[in-house]
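The values are calculated or read from the model by the stated rules, or taken from the named source; none is laboratory data. Just so we're clear, the structure is a prediction, and the values are computed from it rather than from any experiment. Using ideal geometry, Cβ is built from the backbone for each residue, glycine included, and neighbour counts are taken over all protein chains shown.
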Amino acid sequence: MVTVTEKAAGEIKRVIGEQNMPEGTVLRIGVAGGGCSGFQYKLGFDAAADREKDHISEQHGLQVAIDKKSDLYLDGTTVDFYDGLEKRGFTFENPNVTRSCGCGSSFSV
C-alpha cells in the first residue's frame, strides 16, 4: 500500500480545486520505465479508477488509484510534499529502492 501524507493530500486537493477538475477526480500514482536508474515515479489525475485494474484507497479525503503493476514497485512507499526554501515538490520514500539517481526522480528495485 502507498501512503499519502496529510500535507501531500492537501496540496493535491488544492490543485484539483484550482484547476476546477470534475467531481470524482482521483490521484493516480504509478511507475514508468525510464530515467537513469530504470524507473520513474508518475503522479497524475484521472477522471475515474477501475477496481479491477487498480488498487484504490481514500486518504485524507483524497481518492488514490495505483495500477496493480505499479503497486508491486510502490508497496510501502510514502508520498509527501516538501515546501522549503531550496525546493518545492512531492517526494517518494520507497523502501523497495536498491539504487536511485542523484536527483531522486528515478530508481531501480
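The table for this structure:
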item	result
Number of positions in the stretch 29-59 that are within 22 Å of Arg88 (Cα to Cα) and among the hydroxyl-bearing types (Ser, Thr, Tyr)	1
Neighbours by Cβ (under 6 Å, 6+ apart or cross-chain): first from the stretch 1-20, over 24 Å from Asp75 (Cβ atoms) and in contact (Cβ under 8 Å) with a residue 24 or more places away in the chain; second polar (S, T, N, Q) and surrounded by 14 or more Cβ atoms within 10 Å (Cβ to Cβ)	Ile16/Thr25
The listed residue being surrounded by 14 or more Cβ atoms within 10 Å (Cβ to Cβ), of a type in the set (Val, Ile, Thr) and within 18 Å of Asn94 (Cβ to Cβ), out of Val26, Val4	Val4
Which listed residue is touching a helix residue (DSSP H, G or I) at 6+ places or on another chain (Cβ under 6 Å) and not charged (D, E, K, R), from Leu43, Leu27, Leu72	Leu27
Qualifying positions in the stretch 14-29 - assigned to a helix (DSSP H, G or I) and charged (D, E, K, R)	Arg14, Glu18
Options Ser70, Ser57: the member that is without any contact (Cβ under 8 Å) to a residue 60 or more places away in the chain, within 23 Å of Asn96 (Cβ to Cβ) and part of a strand (DSSP E or B)	Ser57
Residue in the stretch 33-47 that is loosely packed, with under 11 Cβ neighbours inside 10 Å, farther than 25 Å from Arg14 by Cβ and at pLDDT below 90 present	yes
Residue in the stretch 81-104 that is among the charged types (D, E, K, R), at pLDDT below 90, assigned to a strand (DSSP E or B) and loosely packed, with under 13 Cβ neighbours inside 10 Å present	yes
